[in-house]
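Trainee: A single structure is presented below for examination.
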Amino acid sequence: MTDAQNGSPLIGASVVVTVYVGESKNDQQTNYGSDPSDLFKLSTADGNWNIWFKDDVNGTEVTVTADLNAMTWKYE
């Protein structure tokens, strides 16, 4: 994975998943992060971690899928 701005390799990347319910982002907002005990389990608790990719990402683009019913996420 490389930086889109300057082409340098990225060591890691993080993703923030935020869901808005209502007319605007100010109505209700929920932030999801990784459960500290399981990278691919989502958590809304305080102290959750930023979602991050392992070093197995070798392309410039990944697809991230979050399943809010199962509270999991994945990338490919």
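The values are calculated or read from the model by the stated rules, or taken from the named source; none is laboratory data. Predicted model only: the values in this text are computed from it and were never measured. Ideal geometry is used to build each Cβ from the backbone, glycine not excepted, and the neighbour counts take in all protein chains shown.
Trainee: Among the residues of the stretch 49-76, write down those that are within 30 Å of Gly7 (Cα to Cα), without any contact (Cβ under 8 Å) to a residue 40 or more places away in the chain and in contact with an Asp or Glu (Cβ under 9 Å, 6 or more places away or on another chain).
Mentor: Listed by number, the residues that qualify are Trp49, Thr63, Thr65, Lys74.
Trainee: Now, a different point. Determine which single condition Lys25 fails, assuming it passes every other condition in (1) surrounded by 10 or more Cβ atoms within 10 Å (Cβ to Cβ); (2) at pLDDT 75 or above; (3) charged (D, E, K, R).
Mentor: If we test Lys25 against (1) surrounded by 10 or more Cβ atoms within 10 Å (Cβ to Cβ); (2) at pLDDT 75 or above; (3) charged (D, E, K, R), just (2) comes out false.
Trainee: Separate question: Can you spot a residue in the stretch 31-40 that is under 15 Å from Trp73 (Cα atoms), surrounded by 12 or more Cβ atoms within 10 Å (Cβ to Cβ) and at pLDDT below 65?
Mentor: no
Trainee: Can you pull out the residues in the stretch 41-76 that are at pLDDT below 75 and in a strand (DSSP E or B)?
Mentor: Trp49, Ile51, Trp52
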